[in-house]
1. Ordered by packing density, taken as the mean number of other Cβ atoms within 10 Å over each peptide's residues, highest first, how do 226-236, 71-81 rank?
2. So, with +1 on the Cβ of K and R and -1 on the Cβ of D and E, and no other charges, what is the size of the charge dipole of the chain about its Cα centre, to the nearest 20 debye?
3. Given the convex hull over the Cα atoms of region 109-235, what projected area results after averaging over all orientations, in nm²?
4. About the Cα centre of region 48-182, what is the dipole size in debye to 20, counting +1 per Lys and Arg Cβ and -1 per Asp and Glu Cβ, all else neutral?
5. Give me the aspartates and glutamates in straight-line cross-link reach of Lys218: C-alpha distance below 14 Å, same-chain residues under 8 apart excluded.
6. When the chain is fully extended, how far beyond the present Cα-Cα distance does Ser166 get from Val57, taking 0.36 nm per residue of separation?
7. Using helices alone, what [θ] at 222 nm do you get for the chain, with -39,500 (n - 2.57) per DSSP H run of 4 or more residues, divided over all residues and rounded to the nearest 500?
8. I want to check the label-to-label distance for Asp199 and Met109. Put each point 7 Å from Cα in the C-beta direction and report it in nm to one decimal.
Amino acid sequence: MNFKNRIVVISGKGGVGKSFVSSMLALALAELGKEVALFDADLYGSSTPQLLGMHNVRLYADEEGGIVPAEGPLGLRVVAMNLIIETPEAPVVWRGPLASRAIIELMAMVKWGSGDYLVVDMPPGTGDIAITIAQLMPQETQAIVVTAPNVLSEVVVAKAVNFAVSAGLRLLGIVENMSYFKCPHCGKETSIMGKTGGDHLASKYSTVVLARIPLDPKVNEAIDKGVPYIIAEREGEAAKAIRELAKKIVQIVEQKGNEKKD
């Protein structure tokens, strides 16, 4: 994996919109002129192809037997289980050790090429597959923890943060998804999912809140239309937050890279 920067997106549990954040972040980085690949490593709940509008797309092997990433929107290179199995509805029924071996073989067979950023949508939790991927990642791999107000508890955040640290990943910070809802008519912000002290938790675990992404009904509308949300709704509140997140990550990661060169 000859990428200048690698970012794994993790969560303490499922249902927080981790795949949405991963896929839209990858697109936002591509909009900034970066060469980006997205690896959907959630074997059991692969959903990034649907979020990217990549219907009826499949991965194929080249003449040498290597797997060529599919081309997504904005030139994004995408590898996902849902681009391999016969239909997106087909379940992947593998025990942990078999799934871990499958991940190792898949990562080895893919002809990733080179680029600026590899974004990895990790499976939720801290099980076999997550451990395997973390161990395969080169040093200096960065991590983002995605959570939501209704599960933004010290226990959940602590699990994800401690996993990142124990796996040798460099924690960039926390992304609070579904953080609030902004009324399109009056502009009032409402904490529909609950309100918690994200800054307090970030401080406790020596990290930062990178972004607060609001709820936006247009996200589901974009998925139904088969168009990536940040492309379909360029002026959406969540789209703006995701673009700011991408800019912040580029600033942090590339500034660190320049400091090391100096």
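The numbers here are math on the coordinates, done by the rules we state, and not lab data. This one's a predicted model, so the numbers in the text were calculated from it and none came from an experiment. All Cβ positions, glycine included, derive from the backbone under ideal geometry; neighbour counts span all protein chains shown.
1. Details: 226-236: 17.4, 71-81: 21.0.
So the order, starting with the most tightly packed, is 71-81, 226-236.
2. Working: 27 positive and 29 negative charges, 144 e Å.
For the chain, the charge dipole is close to 700 debye.
3. Details: hull surface 40.2 nm².
Mean orientational projected area (region 109-235, Cα hull): 10.1 nm².
4. Numbers: 8 positive and 13 negative charges, 65 e Å.
That gives region 48-182 a dipole magnitude of about 320 debye.
5. Answer for Lys218, where 14 Å is the Cα cut-off: Glu233, Glu235, Glu237, listed by chain and number.
6. Values: separation 109, 0.36 × 109 = 39.24 nm, distance 3.62 nm.
The span from Ser166 to Val57 would gain 35.6 nm if fully extended.
7. Working: 9 runs with 98 residues, N = 262.
The helix contribution divided over the chain gives -11500 deg cm²/dmol.
8. 4.9 nm
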